[in-house]
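The values are calculated or read from the model by the stated rules, or taken from the named source; none is laboratory data. Keep in mind that what you see is a predicted model, and the values were worked out from it rather than measured. Neighbour counts are summed over all protein chains in view; Cβ atoms, including those assigned to glycine, are modelled from backbone coordinates with ideal geometry. We work out accessible area using only protein heavy atoms, side chains counted, and drop any ligands, DNA or RNA first. Shrake-Rupley method; radii C 1.70, N 1.55, O 1.52, S 1.80 Å.
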Amino acid sequence: MKHTPIYLERLLRTDGSVPEERQEVFALLMLGLFDSLESGVLRPADAVAICFHADNCRFVGKSLKSADAEEVMERGTQLADLFDALAPEEAQRAFAAEVAAMRNCCLAMLGHERLVA
């Protein structure tokens with residue numbers, strides 16, 4: 001299935017909004033993406049092509065000013081690689097741990113305590 005890339009710069013315009021609002025919208029969007037990954041609606045390679053591409057990584061680093069958001073993007077870019085580099089069972093465990101870590105970053109951005117991954 002072919003998916004259209006999401007461009008965060010278009011969704012999270014910097015004109016007229018405050019950084020905290022952009023961070024919250026980013027976190028909520030990512031939480032939905034993680035649910036899609038965990039349920040199998042999206043494959044890790046799809047998520048990289050749709051969301052964790054270079055344009056979005058640059059935008060997040062430049063505009064969101066959030067270490068948690070940058071960590072989400074950094075981890076997200078590597079999701080598909082897990083399945084190329086590791087045995088299937090090990091890759092699935094690593095994938096679950098990465099998604100949990102990214103979810104915790106998003107929860108921290110929304111003002112919730114980080115959970116143990």
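In table form, for the structure just shown:
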quantity	calculated
Residue among 73, 88, 47 farthest towards the positive dipole end of segment 36-117, charges placed on Cβ	73
With every protein chain in place, the chain: carbon and sulfur % of accessible area (1.4 Å)	53 percent
Structure-based [θ]222 nm, the chain - -39500 (n - 2.57) summed over DSSP H runs of at least 4, per residue, nearest 500	-20500 deg cm²/dmol
Gain on full stretching of the segment that runs from residue 54 to residue 35 - 0.36 nm per residue minus C-alpha separation	4.6 nm
Accessible area per residue, Å², segment 30-71 with all protein chains present, probe 1.4 Å	44 Å²
Cα-based shape type of segment 44-117, given that a ≥ b ≥ c are square roots of the gyration tensor eigenvalues and the cut on a/c is 1.5	oblate
Distance between modelled label sites at residue 28 and residue 107, nm, 7 Å Cα→Cβ extension	1.9 nm
